[in-house]
Amino acid sequence: MKLGFIGTGALSSAIVTGLKSLPGEQTAVVVSPRNEAVAADLAARFADVFIAADNQAVLDQCDTVMLAVRPQIAREVLRELRFRKDHHVVSLIATVSREEIAALVWPATHVSKALPMPMIARLQGSTIICPPDPIVAAFFARLGGVIEVEGQSEFDALTVVTATYASYFKYLDTIHSWVRSQGVSNDKARDYITSIYKALANAPDTAPDEGFMHLSQDYATRGGINEQVLRELTERGLFDTFAESLGRVHRRIAGT
Ligand SMILES: NC(=O)c1ccc[n+]([C@@H]2O[C@H](COP(=O)([O-])OP(=O)(O)OC[C@H]3O[C@@H](n4cnc5c(N)ncnc54)[C@H](OP(=O)(O)O)[C@@H]3O)[C@@H](O)[C@H]2O)c1
């Protein structure tokens, strides 16, 4: 594979960093010159990462091309480029459909959408790809895992998961702030919460056949303090409000 990136920003940098952290990894990578600083940083850190003269030069030197410009400029950027029939195009552009990308990159017909996350730099977090594709799946499988989906509706529903990170950290911050208000030092509170939530994040792996609610009930001992918090938050409609928010995000993503 000769891999190219159109748009060298945060996500491209994370993918290249993850890829090049794999032992013995020698895939040649060509990045577009923008962003200049990000491209220069990648080329300085990795011997087999090269900066192309422009976007077209990326296409001309590669067989597999990841599209990683922002959605607002994607159409304008892609319309100026000449793709080849044999190009393998992987669009990372979150809010432009596979069908629209396919029309923009014709005559290339091998077109996938992928949704990697920045933690791919540390080989963590699965990438969703659509449609299933053995080459794209094998690429992302090595970089933290891959979930292949058949159609846009499944892709859109899974994409909603990525809208919940900020709330997750707000949840941890609420615990942290409360513990600190009781006179516990910042670091001690942070270290304890981090260590406990890392352990909780492993719980689904220890019970792979159980749903999340089963794990919740495991911790919610009758009459205990976990049951109390769960009951009080449920009674106040916190989880219903959360689910309604996911629905609104989904309508935004799916454009319905
Ligand atoms: N970051 C994420 O967590 C994430 C997750 C999933 C999907 N995505 C998708 O991935 C894509 C990239 O996101 P990002 O976070 O990496 O954005 P980003 O950091 O803004 O990177 C986009 C890059 O495109 C460059 N660019 C601007 N105009 C260009 C042109 N005409 N030709 C080539 N490159 C050009 C920008 O350079 P300048 O800085 O010089 O303008 C910038 O470095 C987006 O479509 C986004 O929807 C991102």
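The values are calculated or read from the model by the stated rules, or taken from the named source; none is laboratory data. Remember, predicted model here, so these are calculated numbers, not experimental data. Methodologically, a virtual Cβ is constructed for each residue, glycine included, from the backbone with ideal geometry; neighbour enumeration extends over all protein chains shown.
Being in contact (Cβ under 8 Å) with a residue 60 or more places away in the chain, surrounded by fewer than 13 Cβ atoms within 10 Å (Cβ to Cβ) and assigned by TED's automatic domain parsing to the domain that holds Val249 is true for just one of Ser167, Ser185. Which residue is that? Spell out how you get there, then give the answer.
Working: Ser185 fails: in contact (Cβ under 8 Å) with a residue 60 or more places away in the chain.
Exactly one residue qualifies, and that residue is Ser167.
Quick one: Ala94 ticks every box in (1) within 16 Å of the ligand (Cβ to nearest atom); (2) farther than 27 Å from Leu22 by Cα except a single one, so which number is it?
(2)
List the helices (runs of 4 or more DSSP H) inside segment 125-230, counting only whole elements, that have at least 2 residues being modelled with pLDDT of 95 or more and touching a strand residue (DSSP E or B) at 6+ places or on another chain (Cβ under 7 Å). Break it down stepwise before answering.
Details: elements: 134-141, 152-159, 165-181, 186-206, 212-219.
Of the helices (runs of 4 or more DSSP H) lying wholly inside segment 125-230, those with at least 2 residues that are modelled with pLDDT of 95 or more and touching a strand residue (DSSP E or B) at 6+ places or on another chain (Cβ under 7 Å) span 134-141, 152-159.
Among the residues in segment 39-49, are any within 27 Å of Val96 (Cα to Cα), out of contact with any strand residue (DSSP E or B) (no Cβ under 8 Å at 6 or more places or on another chain) and assigned to a loop (DSSP other than H, G, I, E, B)?
The first filter runs over segment 39-49 and keeps only residues within 27 Å of Val96 (Cα to Cα), leaving 39, 42.
Narrowing further to those that are out of contact with any strand residue (DSSP E or B) (no Cβ under 8 Å at 6 or more places or on another chain): none.
So far as segment 39-49 goes, no, none of its residues is within 27 Å of Val96 (Cα to Cα), out of contact with any strand residue (DSSP E or B) (no Cβ under 8 Å at 6 or more places or on another chain) and assigned to a loop (DSSP other than H, G, I, E, B).
Just to verify a result, which residue in segment 77-88, among those that are crowded, with 17+ Cβ neighbours inside 10 Å and away from the ligand (no atom under 14 Å from the Cβ), is farthest from Ile128 (Cα to Cα)?
Phe83
Can you tell me which condition Ala141 does not meet? The list is (1) surrounded by 17 or more Cβ atoms within 10 Å (Cβ to Cβ); (2) away from the ligand (no atom under 13 Å from the Cβ), and all the others hold.
Condition (1) is where Ala141 drops out.
Is segment 42-51 home to any residue that is at pLDDT 95 or above, more than 12 Å from the ligand (Cβ to nearest atom) and touching a His at 6+ places or on another chain (Cβ under 8 Å)?
No, because not a single residue in segment 42-51 is at pLDDT 95 or above, more than 12 Å from the ligand (Cβ to nearest atom) and touching a His at 6+ places or on another chain (Cβ under 8 Å).
Yes or no: segment 102-121 includes at least one residue that is at pLDDT 95 or above, part of a loop (DSSP other than H, G, I, E, B), surrounded by fewer than 20 Cβ atoms within 10 Å (Cβ to Cβ) and within 10 Å of the ligand (Cβ to nearest atom).
There is at least one residue in segment 102-121 that is at pLDDT 95 or above, part of a loop (DSSP other than H, G, I, E, B), surrounded by fewer than 20 Cβ atoms within 10 Å (Cβ to Cβ) and within 10 Å of the ligand (Cβ to nearest atom).
I'd like to know if segment 67-75 contains one or more residues that are without any contact (Cβ under 8 Å) to a residue 60 or more places away in the chain, over 18 Å from Lys113 (Cα atoms), within 12 Å of the ligand (Cβ to nearest atom) and surrounded by fewer than 18 Cβ atoms within 10 Å (Cβ to Cβ).
No: segment 67-75 contains no residue that is without any contact (Cβ under 8 Å) to a residue 60 or more places away in the chain, over 18 Å from Lys113 (Cα atoms), within 12 Å of the ligand (Cβ to nearest atom) and surrounded by fewer than 18 Cβ atoms within 10 Å (Cβ to Cβ).
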